[in-house]
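Reviewing the structure listed below.
The values are calculated or read from the model by the stated rules, or taken from the named source; none is laboratory data. Just so we're clear, the structure is a prediction, and the values are computed from it rather than from any experiment. When we count neighbours, we look across all protein chains shown, and the Cβ atoms used for this are built from the backbone with ideal geometry, even at glycine.
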Amino acid sequence: MKPIVCIYCEGTDTKVAVVTKEKGTIKIARVASLTMSSSLQNISRRQSYSELDNSLPAADNLSFESLDEAAHEEPVSDSSDVGLLQSSLFGLKLSQHQFIPVVTEPVVNYHMYDGPRDDNRKKLLQLVANDIQTVKGITVELDSVDVTELNDKAMLSVFIEGEIPCVHLVNLLANYNNRRYFKIPTVKTAELSLAYYVSKTNKFFPEDNTLIIYIGKEYSKLIFLDGQKLKHIGATLDIGTKNLHTYDVYFSKILLEMENGGIPKLDNIILCGEDRSENLILSFFGTFPEANVSELKFDNFDTSLITDEDAKNLALYAIPISSAIEYFDELDKLHVGVNFLPKYVQERQKFFQFGWHSYAILPLLFGATFFFTFQILSSYREIKDLDFEIERLTSLQQQNQALVEEIAPLERRINSFDATQTILDSAVIGSGIWNSTLVNISDFIERRRNFWLTRLESVSSDEIKINGYSLSRSVLTEFAQSNNTALLKFINYEPLREKSAFAYTINFKPGQDTVTTK
């Protein structure tokens, strides 16, 4: 649960209490008593928000509250109202807190409603607003009126008028911290919250009449209970610790309000606020000897985060602390109290700030959103199809590359086959020449019978050499003449088995003008 900052403004006196609830335990995290300027009470609503809007940068009007928190910086020495409040809350993460302004007279007005009841709360508030218009001539918005029951089942209506000083102060604080607003969940009423806290923490007899007296610096309040229920709220007294000269003034005012509220006697008097002195208690004892006079207690609170002096004087902050307790009980469904949240506060806290012209173009915004969404989805679909086609072509390219890699060795083999074929063709041609040459030599040897070969070898690429023997020298001359390229290189007489024989060597080029000699 977020911590609650309750701010109570009355005249120049402002009371602040920071209250948290953790695991069912109420903890007082901070209290402060501030003296504000009188101009804060008189500022008009329109002027207030005009000043705020003009002081903010233009971009802040559509801010998503992403600005940095300034509450952690060193406190600024500032005598202005917001500077004092900022200093009193120094060190707190204000964006994580909720703010509850507490209002009283003259902002709050009370009206006894005796008209018809309705279980529908909205209809009941409309009936109350109509009754206020009829009886007092005041037009009240439904967000500025609420009702509560008194001890005798009578209905007390509560409505607010004009600017709420504490709301303005909270907005100034948000502006001071570079934020558009701080969260305000509700606006509480000082008298009703204080009466609820006293009734919650004290047990009275059903016939007891109890007076709660809150003494402020400039004003004082008289609240009467009948048993545990609210009986009567007296008019705010223009006396306090700053202008009080004698306690007798209180007694005359109390007696007057008792007469107005039909209260015959006082059984209990509970004091809180600025003055809870022994002299005051003794004075009440003297005037109302049968009444039990005591100071309002704030027990069962965790006060470890505040000073001992503040812990002893929690009654000084009775109203803001009571408002926080009432709000927590409302969240826990233990109590239904009076709450306000004027429309201008709700509008300021909206995530987007829309005027009437903004609502007029909302259909266009929805249409544009639909159109662009459709275009984006269509583009996504087209991109998906293109991605699929790219994947298919990539796979086909990989297959083609594999085929190319398989074809390359075959191509090299084909190219090498052409070279081999050329060699074979040239070899075939040479073999034909050799075949022709050998046939001619063989025919010549067959015809002569006295001529034979012993050796045949190549001299160069186009010339061969033959060695052999012949029984006739003329046969050698005839063989050489049978080939135009033949050249008799050597002839030598070598007897062979008692016969005359000649060894010879002849060089010739086969296939070139070979002449066959018969």
message: Condition (residue is assigned to a loop (DSSP other than H, G, I, E, B) and not hydrophobic (A, V, I, L, M, F, W, C)) applied to segment 195-203: is it met by at least one residue?
response: yes
message: For segment 277-292, check the following and say yes or no: at least one residue is more than 23 Å from Glu105 (Cβ to Cβ), outside the structural domain of Ser33 (by TED's automatic domain parsing), assigned to a helix (DSSP H, G or I) and among the β-branched types (Val, Ile, Thr).
response: yes
message: Can you find, within segment 209-229, the residue that is surrounded by the fewest Cβ atoms within 10 Å (Cβ to Cβ) among those that are among the charged types (D, E, K, R) and farther than 24 Å from Val147 by Cα?
response: Glu218
Those residues of segment 226-243 which are touching a helix residue (DSSP H, G or I) at 6+ places or on another chain (Cβ under 8 Å) and part of a loop (DSSP other than H, G, I, E, B), in sequence order: Gln228, Gly234, Ala235, Ile239
- prompt: Being under 25 Å from the mean Cα position of the chain (by Cα), exposed (fewer than 11 other Cβ atoms within 10 Å of the Cβ) and at pLDDT below 90, is that true of even one residue in segment 339-350?
  reply: yes
query: touching a helix residue (DSSP H, G or I) at 6+ places or on another chain (Cβ under 6 Å), modelled with pLDDT of 50 or more and either more than 24 Å from Ala315 (Cα to Cα) or among the hydrophobic types (A, V, I, L, M, F, W, C) (or both), is that true of Ile26?
result: no
Hits in segment 120-146 (condition: exposed (fewer than 15 other Cβ atoms within 10 Å of the Cβ) and either under 23 Å from Tyr196 (Cα atoms) or in contact with a Leu (Cβ under 6 Å, 6 or more places away or on another chain) (or both)): Arg121, Leu142
- request: Examine segment 46-53 for a residue that is assigned by TED's automatic domain parsing to the domain that holds Asn339, of a type in the set (Lys, Arg), at pLDDT below 90 and surrounded by 14 or more Cβ atoms within 10 Å (Cβ to Cβ), and state whether such a residue exists.
  value: no
- request: Considering each residue of segment 213-236, count those that are of a type in the set (A, V, I, L, M, F, W, C) and touching a Leu at 6+ places or on another chain (Cβ under 7 Å), and give that number.
  value: 5
- request: Determine whether Thr505 is among the β-branched types (Val, Ile, Thr) and out of contact with any strand residue (DSSP E or B) (no Cβ under 6 Å at 6 or more places or on another chain).
  value: no
- prompt: From the list Ile466, Ile441, which residue is in a strand (DSSP E or B) and touching a residue at least 24 places away in the same chain (Cβ under 8 Å)?
  reply: Ile466
- prompt: Of (1) at pLDDT 90 or above; (2) of a type in the set (Val, Ile, Thr); (3) touching a Leu at 6+ places or on another chain (Cβ under 6 Å), Val82 satisfies all except one. Which?
  reply: (1)
Residues of segment 147-171 that turn out to be surrounded by fewer than 22 Cβ atoms within 10 Å (Cβ to Cβ), out of contact with any strand residue (DSSP E or B) (no Cβ under 6 Å at 6 or more places or on another chain) and more than 20 Å from Glu105 (Cα to Cα), as a count: 3
query: Residues of segment 92-108 being loosely packed, with under 14 Cβ neighbours inside 10 Å and modelled with pLDDT under 90, which ones?
result: Pro106
